[in-house]
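Presented below is the structure to which this report refers.
The values are calculated or read from the model by the stated rules, or taken from the named source; none is laboratory data. Predicted model only: the values in this text are computed from it and were never measured. All Cβ positions, even for glycine, are placed from backbone atoms using ideal geometry, and neighbour counts span all protein chains on display.
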Ligand code: HEM
């Protein structure tokens, strides 16, 4: 017997979805919050390419809760500490993820932890949490270090490389081994280029809204579906093998294969596939981008880099860091630089939701069934909360300064019952990679490189991160 699946997400055509959205907007029993509500293709295009200035401008004009019309749809944004806390913690049960304006992500990752709500979400989280406990994560350090050594081994001073590209492949290899017990050099994992398939699938989110409505051969949608099919094949074959051989480890896939509910029901193959795809999706690009953004800022802030290198030398004195060094407080300057990176560039920059009932936030009424988003990226750039928000200042995150931040001010990993389940895993992985780079090299940005950011849907450097490698001394 299989554990009951979540309520199906009705697959409606993009046009039917637009019609339903327009009907709902017209019949809303409460007026939408003030904002930029006229139809504007210019705003729609700009929002795809550069959402941050639009959000900050609307915040300054309309306050923390406002509406933007993006393409056909009215979307409510709620920014700042109070809004983040309301949506993720104090009133989280009034918001669902599944029917948010990111609902088409289910075509790629299915009904996993990210895209489900309520009781199904709670139970899935309960099943998976043991794989993300502190001790379990600490046990993955060795795999992370081995893979990082392997990736950095051939790099020499004088070389030019794309740090984003290198880290993306590294992060996928780490996820495959540490989370799923897959051998990235053997059998089916080697046959497919998972990093490129994810890139192909997620490029859907970097195309213009009207193009996302198209279906049929050659469209961004069909590229998403075909990449998803190839990734599925790899995962289903692994599930079948593991069921047939009984091979288990301490990885998430083993936990999922053996999970049962109180009636003894188990997860079906497609439920396991959805959770695996969700973790691969949520777990590799976020860490990759953070490593890239960190080294982008370090290249521009040599004094901070000097401090981090000195810390590596003083604390580690040439030995590789242990799990305790990386999970404890042994490297505080690295930690503060990492927190500041996640303030400036939180990869999961938007928390998409749909309200269930009408609600009032910061004195503003919002209808039920409205698309409502919180945004860490915009909230982390409010000057009344983070003065001089465009400056990279790791000292914002001394333990005392961090404790003084208002509740909900800093939310790179979300909050409440949907807090990122991979937070510890991601933080550890970033520290392993950053520490390994800092102990070997200095990196400068390639001549003429200027960072621009894309959302796909997580933030990443649009043109990768071309760097020049230098000897440390
Ligand atoms: C720097 C690294 C990471 C950042 C900044 C990050 C950020 C986030 C954020 C903000 C959310 C909440 C989204 C929302 O409220 O809608 C989230 C959820 C999630 N993250 Fe992460 N993440 C990171 C790494 C990872 C890793 C490594 C994994 C898996 C191994 C992972 C798996 C997930 C999953 C499954 C969820 C959904 C949780 C739920 O709804 O219960 N993330 N992440």
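Restricting the search to strands (runs of 3 or more DSSP E) fully inside region 355-473 and requiring at least 2 residues that are under 27 Å from residue 137 (Cα atoms) and touching a residue at least 24 places away in the same chain (Cβ under 8 Å) gives 459-461. Regarding residue 426, is this residue in contact with a helix residue (DSSP H, G or I) (Cβ under 6 Å, 6 or more places away or on another chain), buried (at least 20 other Cβ atoms within 10 Å of the Cβ) and closer than 27 Å to residue 351 by Cα? Yes: the conditions hold for residue 426. Being touching a residue at least 24 places away in the same chain (Cβ under 8 Å) and out of contact with any helix residue (DSSP H, G or I) (no Cβ under 9 Å at 6 or more places or on another chain): is that true of residue 36 here? Here the answer is no, as residue 36 does not meet what is asked.
A residue that is in a loop (DSSP other than H, G, I, E, B), surrounded by fewer than 17 Cβ atoms within 10 Å (Cβ to Cβ) and without any contact (Cβ under 8 Å) to a residue 60 or more places away in the chain occurs somewhere in region 150-166. Filtering region 319-350 to residues that are away from the ligand (no atom under 16 Å from the Cβ), touching a residue at least 24 places away in the same chain (Cβ under 8 Å) and not in a helix (DSSP H, G or I) leaves 320, 321, 322, 331. Among helices (runs of 4 or more DSSP H) entirely within region 191-283, having at least 3 residues that are without any contact (Cβ under 8 Å) to a residue 40 or more places away in the chain singles out 194-202, 220-245. Looking across region 127-141, the residues that are assigned to a helix (DSSP H, G or I) and either closer than 26 Å to residue 236 by Cβ or touching a residue at least 40 places away in the same chain (Cβ under 8 Å) (or both) come down to 127, 128, 129, 130, 131, 132, 134, 136, 137, 138, 141. Inside region 153-179, residues that are closer than 24 Å to residue 319 by Cα and touching a strand residue (DSSP E or B) at 6+ places or on another chain (Cβ under 8 Å) make up a count of 4. Among the residues of region 319-354, those identified as touching a helix residue (DSSP H, G or I) at 6+ places or on another chain (Cβ under 8 Å), at pLDDT below 95 and over 19 Å from residue 399 (Cβ atoms) are 320, 321, 322, 323.
Evaluated against (1) crowded, with 18+ Cβ neighbours inside 10 Å; (2) out of contact with any strand residue (DSSP E or B) (no Cβ under 7 Å at 6 or more places or on another chain), residue 461 falls short on exactly one condition, (2). Quick one: in region 239-279, of everything that is crowded, with 24+ Cβ neighbours inside 10 Å and closer than 19 Å to residue 169 by Cβ, which residue is farthest from the ligand (Cβ to nearest atom)? Only one residue tops the list, namely 276. Put simply, of 422, 416, 408 the only residue that is within 7 Å of the ligand (Cβ to nearest atom) and either under 30 Å from residue 104 (Cβ atoms) or at pLDDT below 95 (or both) is 422. Among the residues examined, residue 19 qualifies as more than 23 Å from the chain's Cα centre (by Cα) and either at pLDDT 90 or above or buried (at least 19 other Cβ atoms within 10 Å of the Cβ) (or both). Of all residues in region 99-120, those that are more than 18 Å from residue 372 (Cα to Cα) have Cβ atoms under 7 Å from Cβ atoms of residues that are in a loop (DSSP other than H, G, I, E, B) and within 13 Å of the ligand (Cβ to nearest atom), 6 or more apart or on another chain, in 111/6; 113/421; 120/6.
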